[in-house]
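Enquirer: Take this structure, written in structure tokens, and hold onto it; I'll ask about it next.
The values are calculated or read from the model by the stated rules, or taken from the named source; none is laboratory data. What you see is a predicted model; the values in this text were computed from it and never measured. Cβ atoms come from the backbone with ideal geometry, glycine included; neighbour counts cover every protein chain shown. The area values use the complete protein model at the heavy-atom level, side chains included, leaving out ligands, DNA and RNA. Shrake-Rupley method; radii C 1.70, N 1.55, O 1.52, S 1.80 Å.
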Amino acid sequence: MAALEALPAALALATEQDWKLLDYMVEVFTLFPLDAALSRLTSRFKTADDLERLRMLELVPDTDPGLHSHEAADLAGILEARARRNNSIVADEFAKLHAQLQTAEMPRQSIRLWRNPSSRLVVPATRRIDASRLTPTQVRARVLARGKRRPAEIEPSQVADYVRENLFVDTEVDDQGRLRRRLAELAARGIVIGNRAPRGWTPRRPGELPPRPADLAAAIWDHEYCLYVADQRDHAHAVAGKATTSQEDSIAWAAQRTGLHGRADRRDTFLFQGNGLDDFHNAMAPTLGWRCVSCFVERSHTDRHPIHTRENTFRSDDGLCDYCRSDNRPGLPALAAGFTFTDLATAYCRFFAEHYPDAACGLLAEVRRRAPEWLTATIDGFLLEHPELPGAPEPAAAEQQSDTATAPVPPRRRRERVLPPGLRQARCEGCTEYKPIHDDGFCTVCRVWLELEVPAPRERRVPA
């Protein structure tokens, strides 16, 4: 409110150049978003004289004034395209969008018709008319007509039988049991089916785990399925208004219903309708710019500027936030005029090394993770010049690492894999993996599972 009250008096003192700059700023912030508008103002700042630069430093806002509208910008682009195509102006195209519709013409009617409407439209029905409309025959006919229009849906017996007997029942329990018994027999004969990661598997991204064994994956799936059935039972009880039982009773009922008695309580699971994301980690927004050198909080957008205005004088960034600056806490010393961003980053590094020597490397490492390339090179050079800081890299190790990184790495030749006779590299029709397969289209593991190939038992050697 104070700024709005002082605005008329300030505009009365504005010169013609000030008005031109204000009009240009309003036009730029209205036509373009904040980033594009600041880029255009930066270009004008580079080509302006000293007086106009002072005006821009005083008048350009630090935050978005909210003058730009995406809808208005899109509409302006459409109108400009239409004006070029129709050889007209933007004002005419804008007027076409707001042209009023033509009034619908109706035949002229007498004032007596709508002033004194017909009695058949407003007079209630007489008893004679009601008696003719409410006869038992007509009422019965209307009821039957409504029944034909909205027939009652009767659930088929097949659906009712399926819900009563087979809903949520795992039909592959017997097949899984036979498969486990077959694998146990093969393991007893010395044939180990590979449950580990396939040979040559490499992680596609950092932290990726190899595929789980088949038995563990089946146990995880059965456990999740039992919990899903238990949640469905609790939901059905809640909808029907029945008393809810404990979670243990629901899981026991689900295990009995699905037939997975031994797979219902093997491990923990996610919450109902939950996921495995770390909500606290995902909610943390990355810090922008340098932190406050006193309290280490994220500073405002205005404090992150390299040049500050303090008591009507320009000085370099002091590295403090508003609260620490109001408490007169020590900050970065003022740099000489004409300093660069590298000088300011070096001042930050030197301040951390002097006031927080034990935590300087940690603070700089936190900045380095989200820094551009020029700032990364500045921080690395400062740490190499100050090896006495705890955690700083040693010069010899850094030089050796840089030499290793710059040395050309000779290309490695991959040895061609020679397959045994009768095998070829293709996609298996059983496990759908690219590996050596036989002439029938199956790999060795799938042939063992399908009992297409039964290895002969090892001969027992009796000591002489």
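Enquirer: At 7 Å along Cα-to-Cβ for each site, give me the label-to-label distance between ILE307 and ARG424 in nm.
Expert: The answer from the label model is 7.4 nm.
Enquirer: May I pose another question? If R0 is 51 Å, what FRET efficiency do you get for ARG369 and ASP161 from their C-beta distance, rounded to 0.05? Walk me through the numbers on the way to the answer.
Expert: On the way: r = 62 Å, r/R0 = 1.21.
Efficiency computed from Cβ-Cβ geometry: 0.25.
Enquirer: Next question, about the same structure. Summarise the accessible area of segment 53-101 (1.4 Å probe, protein heavy atoms) by the percent that is carbon and sulfur.
Expert: On the way: 2090 of 3810 Å².
Summing carbon and sulfur atoms, their accessible area is 55 percent of the total for segment 53-101.
Enquirer: Between ARG44 and ASP64, what is the label-to-label distance in nm when each label sits 7 Å out along the Cα-to-Cβ direction?
Expert: With each label point 7 Å from Cα toward Cβ, the separation is 2.0 nm.
Enquirer: With a 1.4 Å probe and all protein chains left in place, how much accessible area per residue does segment 1-106 have, in Å²? Can you show the working numbers first?
Expert: Details: 8310 Å² over 106 residues.
Result: 78 Å² of accessible area for each residue.
Enquirer: Sorting PHE32, PHE314 by accessible area (1.4 Å probe), largest first, what list results? Mind dumping the intermediate values first?
Expert: Values: PHE32 65, PHE314 105 Å².
If we order PHE32, PHE314 from most to least accessible, we get PHE314, PHE32.
Enquirer: Only Lys, Arg, Asp and Glu count, each charged at its Cβ (+1, +1, -1, -1), so figure out the dipole size of segment 318-357 about its Cα centre, rounded to 20 debye. Write down the numbers at each step before the final one.
Expert: Details: 3 positive and 5 negative charges, 9 e Å.
The calculation lands at about 40 debye.
Enquirer: Full-extension gain between GLU248 and ASP74, please, as 0.36 nm times their residue separation minus the C-alpha to C-alpha distance. Walk me through the numbers on the way to the answer.
Expert: Working: separation 174, 0.36 × 174 = 62.64 nm, distance 5.81 nm.
Gain on extension, GLU248 to ASP74, equals 56.8 nm.
Enquirer: Calculate the FRET efficiency for LEU13 and ASP279 from the Cβ-Cβ distance with a Förster distance of 41 Å, rounded to the nearest 0.05. Could the numbers behind the result be given before it?
Expert: Working: r = 53 Å, r/R0 = 1.30.
Using R0 = 41 Å, I get an efficiency of 0.15.
Enquirer: Using a 1.4 Å probe on the protein heavy atoms only, what accessible surface does GLU429 show? Give it in Å² to the nearest 10.
Expert: 130 Å²
Enquirer: For ARG178 and THR432 in one chain, what is 0.36 nm times their gap in residues minus the Cα-Cα distance, to one decimal in nm?
Expert: Fully extending the segment from ARG178 to THR432 adds 89.2 nm.
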